[in-house]
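**Student:** Structure incoming, see below.
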Amino acid sequence: DNNAYFVNQFNNIDNIHAQEIFAKEAKEEFDKEDIKIDYYVDFIGTGGALAGVMNVFDQTTKYAIIEPENAAAYKSGENTEGAHIIQGGGYGKCDLKFLKDRKIDKIITIKDEDVNKTLDDLINAEWLEKRIVNLPSSVIL
């Protein structure tokens, strides 16, 4: 079909570049307030958002990814087809091109039944309330 465009988000380098724009804006705001980013936590999808952030943030920042327990492909090193309730990631791919040769400090898996409680806990955490920024599916600590 000539009226279609295949984004190819798992292989399109523009995925990373788009995320770098958001990350640069966030970093500028943090730098203005002299805020150090200790950890960046990302729900893993294509790896593009995380790779874009890693290209921008300081080398001292540590990185954690979250995967659904039923589709923990990155943690297991094997592709999975596990169903889960979290939207926007957890595609069950272990070979994420954008994260190849990048250091991930922690991998967190989450059960479907814990998703809503964990999100509520994060939203209500006093230590976090001032530091959530507009980066897709991410939390900066």
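The values are calculated or read from the model by the stated rules, or taken from the named source; none is laboratory data. This structure is a prediction, so every number in the text was calculated from the model and none was measured. Because the Cβ atoms are built from the backbone with ideal geometry, glycine has one as well, and the counts that use them run over all protein chains shown. Surface accessibility is based on the protein's heavy atoms, side chains included, excluding ligands, DNA and RNA. Shrake-Rupley method; radii C 1.70, N 1.55, O 1.52, S 1.80 Å.
**Student:** What is the residue count in region 26-73 for residues that are under 12 Å from Leu99 (Cβ atoms), of a type in the set (Val, Ile, Thr) and in a helix (DSSP H, G or I)?
**Tutor:** 1
**Student:** Also, I was wondering about something else. Just checking, which of Phe6, Phe30, Phe43 is surrounded by fewer than 11 Cβ atoms within 10 Å (Cβ to Cβ) and either modelled with pLDDT under 90 or at positive phi (or both)?
**Tutor:** On the way: Phe30 fails: surrounded by fewer than 11 Cβ atoms within 10 Å (Cβ to Cβ); Phe43 fails: surrounded by fewer than 11 Cβ atoms within 10 Å (Cβ to Cβ).
Unique residue meeting the criteria: Phe6.
**Student:** Filter region 100-115 for residues that are part of a loop (DSSP other than H, G, I, E, B), open to solvent by 60 Å² or more (accessible area, probe 1.4 Å) and either out of contact with any Leu (no Cβ under 9 Å at 6 or more places or on another chain) or among the aliphatic types (A, V, I, L, M) (or both) and give the result. Don't jump to the end; show me each part of the working.
**Tutor:** So the first thing to find is which residues in region 100-115 are part of a loop (DSSP other than H, G, I, E, B), and the list is 100-105, 111.
Subset that is open to solvent by 60 Å² or more (accessible area, probe 1.4 Å): 100-103, 111.
Those that are part of a loop (DSSP other than H, G, I, E, B), open to solvent by 60 Å² or more (accessible area, probe 1.4 Å) and either out of contact with any Leu (no Cβ under 9 Å at 6 or more places or on another chain) or among the aliphatic types (A, V, I, L, M) (or both): Lys100, Asp101, Lys103, Lys111.
**Student:** I'm checking my understanding of the structure. Among residues of region 76-89 that are within 14 Å of the chain's Cα centre (by Cα) and in contact (Cβ under 8 Å) with a residue 12 or more places away in the chain, which one is nearest to Asn116 (Cα to Cα)? Spell out the reasoning first.
**Tutor:** At the first step, the residues of region 76-89 found to be within 14 Å of the chain's Cα centre (by Cα) are 86-89.
If we keep only those that are in contact (Cβ under 8 Å) with a residue 12 or more places away in the chain as well, we get 86, 88-89.
Values: Ile86: 10, Gly88: 15, Gly89: 16 Å.
Residue satisfying both the conditions and the ranking: Ile86.
**Student:** Can you confirm whether Val41 is more than 18 Å from Gly90 (Cβ to Cβ), touching a Phe, Trp or Tyr at 6+ places or on another chain (Cβ under 9 Å) and of a type outside the set (Phe, Trp, Tyr)?
**Tutor:** Values: more than 18 Å from Gly90 (Cβ to Cβ): no; touching a Phe, Trp or Tyr at 6+ places or on another chain (Cβ under 9 Å): yes; of a type outside the set (Phe, Trp, Tyr): yes.
Criteria not met by Val41.
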